[in-house]
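The values are calculated or read from the model by the stated rules, or taken from the named source; none is laboratory data. If you're wondering where the values come from, they're calculated on a predicted model, not measured in any experiment. All Cβ positions, glycine included, derive from the backbone under ideal geometry; neighbour counts span all protein chains shown. Side chains are part of the model used for accessible areas, which takes the heavy atoms of the whole protein and leaves out ligands, DNA and RNA. Shrake-Rupley method; radii C 1.70, N 1.55, O 1.52, S 1.80 Å.
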Amino acid sequence: MSSPFKKAQSPASEPKSPKGKEKSPMPAPTSPVGDESSEPVGLLSGAHWGQQVQEVDEDNDLTLGSDTESSTASISSSILHYRNVLGRTYHSDSVTDTEYWGPNDAKANELLDIMHAAMVMLFDGKLYTSPLDEKEIENAIDIGTGTGLWAIDFADDHPNCNVIGTDISPIQPTWLPPNACFEINDATKEWTYQENYFDFIHIRWLTGVIKDWDSLYKEAYRCCKPGGWIEQLDCDAENLCFDGTMPNDSAMAQWGPIWKEVGRKTGLEFNVVSSNTMEKGLKNAGFTNIISEDYYV
Ligand SMILES: C[S@@+](CC[C@H](N)C(=O)[O-])C[C@H]1O[C@@H](n2cnc3c(N)ncnc32)[C@H](O)[C@@H]1O
């Protein structure tokens, strides 16, 4: 089974030095095998799942880690007043009026950490593929940083670069490299950063998170230095199967239809790859030399 991830990247304008090295794209994706049993089905009713054996996670700790509790110097305590819905916690209303559907409890954060490890493995230990001038970059930002592992690793690798990670949930650790910091900031609002400031803007796994991608890319363009780079790694909320072994009524197969329905109800886009949202949005914002690559995991 496979889920398509796509990476789009682009310098804000023509690079100052010839760093816009063309990369050879991955081989074109092949179509899934059209076996009848693997044809997608619509959304199954809730009763289908009632018949499945539910495993209850006794260890699911919904309390915040001590890192967050002790981080009172720069944040108001109201941002720790998480909303509690059906046993899961969600970002505080006091941070923003933007609604994000993903939980921010221990279980959700562990998933982010696992996905970070998986993505680093996918790229053979690399954190990005843009042709950055490693010695020259001064300012980088990770939008919607989650538990912040990408930002921390990037800061460790680039000790002369200031790295900011932003999110609407304070779920990041407080033990950081000296050149890294986290800010509670809604990426869908006007960015608070100066024009032409960042050498590198990184976005990962925000499919279904951002309602107005065009506005976000415009803010990114405004804040990206001429010659700087933006890189986004994202996926569609859909599992594909190439050999016909994914049963139609399995949770893996239903994942796509469920999120499609969520998208229909919320107006959020869960198919940023297949709809070319990244390429179109980056181009509309003014970015040039856009490189797009597909990866299968
Ligand atoms: C699926 S996670 C991805 C986290 C991280 N980029 C990674 O790759 O591990 C999406 C993250 O976006 C954050 N988020 C949601 N809406 C946001 C917004 N409007 N501004 C900034 N971050 C947001 C969530 O809190 C969550 O941490």
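What the table shows:
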{"read-out": "Residue identified as open to solvent by 10 Å² or more (accessible area, probe 1.4 Å), in contact with a Lys or Arg (Cβ under 9 Å, 6 or more places away or on another chain), more than 11 Å from the ligand (Cβ to nearest atom) and modelled with pLDDT of 95 or more among TYR193, TYR221", "value": "TYR193"}
{"read-out": "Any chance ASP236 is acidic (Asp, Glu) and buried (at least 22 other Cβ atoms within 10 Å of the Cβ)", "value": "yes"}
{"read-out": "Among residues of the stretch 65-106, those that are part of a loop (DSSP other than H, G, I, E, B), modelled with pLDDT under 90, open to solvent by less than 60 Å² (accessible area, probe 1.4 Å) and more than 25 Å from ILE210 (Cβ to Cβ), counted", "value": "2"}
{"read-out": "Members of the stretch 125-141 found to be aliphatic (A, V, I, L, M) and more than 14 Å from the ligand (Cβ to nearest atom), listed by number", "value": "LEU132, ILE137"}
{"read-out": "Options LEU233, LEU216; residue that is under 17 Å from LYS7 (Cα atoms), outside any loop (DSSP other than H, G, I, E, B) and more than 13 Å from the chain's Cα centre (by Cα)", "value": "LEU216"}
{"read-out": "Within the stretch 158-173, tally of residues that are more than 10 Å from the ligand (Cβ to nearest atom) and surrounded by 14 or more Cβ atoms within 10 Å (Cβ to Cβ)", "value": "6"}
{"read-out": "Candidate set from the stretch 142-157 (those that are closer than 16 Å to LEU132 by Cα and open to solvent by 10 Å² or more (accessible area, probe 1.4 Å)); member that is nearest to the ligand (Cβ to nearest atom)", "value": "ASP153"}
{"read-out": "Tally of residues being near the ligand (Cβ under 7 Å from one of its atoms) and part of a loop (DSSP other than H, G, I, E, B) across the stretch 196-209", "value": "3"}
{"read-out": "Whichever residue in the stretch 241-297 is small (Gly, Ala, Ser) and in a loop (DSSP other than H, G, I, E, B) and, among such residues, is modelled with the highest pLDDT", "value": "GLY286"}
